[in-house]
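Below you'll find the structure, written out as structure tokens, and then a few comments.
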Amino acid sequence: MSISGIMQLRQNFFIILLFFGMVLSGYVIILQSRTDVASVTPWSAPIIWEGTFDPILIDSIYKQHNLTIATTVFALGKYTRFVKDFLESAEQHYFVGFRVHYYLFTDQPESIPEVKMGENHNLTVRKVQSLNRWQDISMSRMGKLEKLIENELANKADYIFCLDIDTKFYGRWGVESLGRLVGVIHPWFFDAPRDRFTYERRPESQAYIPAGEGDFYYAGAAFGGLLEDVHQLTKTCREKLLIDAANSIEAVWQEESHLNKYFLLNKPSKLLSPEYMWRDINGKADQIKVIRFSNVAKNYAEVRPNP
Ligand SMILES: CC(=O)N[C@H]1[C@@H](OP(=O)(O)OP(=O)(O)OC[C@H]2O[C@@H](n3ccc(=O)[nH]c3=O)[C@H](O)[C@@H]2O)O[C@H](CO)[C@H](O)[C@@H]1O
Ligand SMILES: [Mn+2]
């Protein structure tokens, strides 16, 4: 056979290989799903797990939209020690390649370390008053977030995520997490029956959820969505926390209880699996293929201002 004949044969072979490759990868994308976990809620909202999305494809779709994701964290009292790891790990894994604006609320702006930000990632530090009880610090976030969205974020961001600071990123958290109203399934309860959920059970509280009701138990340490939807959420929770305070009752898990009540009445349009909120001290679970974001181990007695 002549040289050009061999070249032709080789070329044909590669074309056939390419064709089969495309067919095969097409199948892989279309068949991408999970059978060991629920990947959709009874109200038809997706639940995001590893294997339910194609990161390259979804990035390329969202790239066209030039979005900004506002991201809030609070570090008061001894919780400033968590800031460095949070920000450094976020810069490795959190919306890499997309616009992110972190808003960090602290009572000690002077002790916030310098962390090198990636392209299109910015940090704004805000001074807030210190509070004496950790419960008050945690609950007061709702009102501060409400005000931030109301007074500052319009035209500056598209989506917002509100996260705990005693946390660290270990894997990708990207545009697959974006949605109108987004909740994260709590790492203690993703596998538990509903009657074990630690909802507020006293009817006197605005966060009350009766036995037999409720869909999931959501983490207070991460939620998000479109500005308008998160504004409504934070406003409602702030109002309900105030009513409870006026009635001298504090929900069992503070604003997390109110968040769970809100999500019962206003279903999230997207849920994130506990890959997006694990705990360093938790053991492994078969369903968790990737840990993306996790609560770091902490000595409660040492870091909190009160028991
Ligand atoms: C995994 C998860 O869903 N965690 C929730 C849970 O316990 P946690 O044990 O995660 O609560 P926590 O001590 O981390 O407090 C929540 C957040 O408040 C801030 N903070 C708290 C104390 C302090 O001295 N300084 C300070 O800055 C900080 O941003 C912290 O991340 O319950 C809390 C309310 O009961 C919140 O709903 C948390 O989000
Ligand atoms: Mn926490």
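The values are calculated or read from the model by the stated rules, or taken from the named source; none is laboratory data. None of the values given here were measured: they were computed from a predicted structure. Positions of Cβ are generated from backbone atoms using ideal geometry, with glycine treated the same way; all protein chains shown enter the neighbour counts.
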Hey, could you check the stretch 281-307 for residues that are among the hydrophobic types (A, V, I, L, M, F, W, C) and farther than 30 Å from Ala211 by Cα and say which is surrounded by the most Cβ atoms within 10 Å (Cβ to Cβ)? Phe293
When you scan the stretch 289-304, how many residues do you find that are within 15 Å of ligand 2 (Cβ to nearest atom), assigned to a loop (DSSP other than H, G, I, E, B) and closer than 14 Å to Lys168 by Cβ? 3
Here's a check for you: in the stretch 165-184, which residue that is assigned to a loop (DSSP other than H, G, I, E, B) and closer than 21 Å to Ile48 by Cβ is nearest to ligand 1 (Cβ to nearest atom)? Tyr170
Would you confirm whether or not the stretch 247-270 contains a residue that is closer than 21 Å to Leu76 by Cα, within 18 Å of the chain's Cα centre (by Cα), small (Gly, Ala, Ser) and within 16 Å of ligand 1 (Cβ to nearest atom)? no
The one condition Phe98 fails out of (1) farther than 21 Å from Ser294 by Cα; (2) surrounded by fewer than 16 Cβ atoms within 10 Å (Cβ to Cβ) is (2)
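Go through the stretch 104-128 and give me each residue that's assigned to a strand (DSSP E or B) and within 12 Å of ligand 1 (Cβ to nearest atom).
Leu104, Phe105, Thr106
Residue by residue, here is whether (1) within 16 Å of ligand 2 (Cβ to nearest atom); (2) of a type in the set (Phe, Trp, Tyr); (3) touching a Pro at 6+ places or on another chain (Cβ under 6 Å) holds:
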{"position": "Asp166", "(1), (2), (3)": "yes, no, no"}
{"position": "Gly174", "(1), (2), (3)": "no, no, no"}
{"position": "Arg180", "(1), (2), (3)": "no, no, no"}
{"position": "Val184", "(1), (2), (3)": "yes, no, no"}
{"position": "Trp188", "(1), (2), (3)": "yes, yes, no"}
{"position": "Ala192", "(1), (2), (3)": "no, no, no"}
{"position": "Tyr199", "(1), (2), (3)": "no, yes, no"}
{"position": "Ala211", "(1), (2), (3)": "no, no, no"}
{"position": "Phe216", "(1), (2), (3)": "no, yes, no"}
Just one of (1) outside any loop (DSSP other than H, G, I, E, B); (2) touching a helix residue (DSSP H, G or I) at 6+ places or on another chain (Cβ under 7 Å) trips up Ser205, so point out which. (1)
Going residue by residue through the stretch 276-284, is there one that turns out to be more than 10 Å from ligand 1 (Cβ to nearest atom), modelled with pLDDT of 95 or more, assigned to a helix (DSSP H, G or I) and within 17 Å of Ile165 (Cα to Cα)? yes
Restrict the check to the stretch 97-105 and report whether at least one residue is under 30 Å from Gln287 (Cα atoms) and in contact with a strand residue (DSSP E or B) (Cβ under 7 Å, 6 or more places away or on another chain). yes
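Being outside any helix (DSSP H, G or I) and in contact with a Gly (Cβ under 8 Å, 6 or more places away or on another chain) is the filter here; which residues of the stretch 129-144 pass it?
To start, the set of residues in the stretch 129-144 that are outside any helix (DSSP H, G or I) comprises 129-133.
Passing the criteria: only Ser130.
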What number of residues in the stretch 225-280 are more than 16 Å from ligand 2 (Cβ to nearest atom), on the phi < 0 side of the Ramachandran plot, buried (at least 20 other Cβ atoms within 10 Å of the Cβ) and among the small types (Gly, Ala, Ser)? 2
Sole exception among (1) part of a helix (DSSP H, G or I); (2) of a type outside the set (A, V, I, L, M); (3) free of Cβ contacts under 8 Å to residues at least 60 places away in the same chain; (4) touching a helix residue (DSSP H, G or I) at 6+ places or on another chain (Cβ under 8 Å) for His231, by number: (3)
Residue ID - surrounded by the most Cβ atoms within 10 Å (Cβ to Cβ), chosen from residues in the stretch 145-164 that are assigned to a helix (DSSP H, G or I) and more than 16 Å from ligand 2 (Cβ to nearest atom): Ile149
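So if I check each of Asp36, Asp59, which one is out of contact with any strand residue (DSSP E or B) (no Cβ under 8 Å at 6 or more places or on another chain) and within 28 Å of Asp166 (Cα to Cα)?
So the residue among Asp36, Asp59 that is out of contact with any strand residue (DSSP E or B) (no Cβ under 8 Å at 6 or more places or on another chain) and within 28 Å of Asp166 (Cα to Cα) is Asp59.
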Test result for Phe74, closer than 22 Å to Leu181 by Cβ and crowded, with 18+ Cβ neighbours inside 10 Å: yes
Considering the stretch 53-86 alone, what residues qualify as being of a type in the set (D, E, K, R), more than 8 Å from ligand 1 (Cβ to nearest atom) and farther than 12 Å from Gly97 by Cα? Asp54, Arg81, Lys84, Asp85
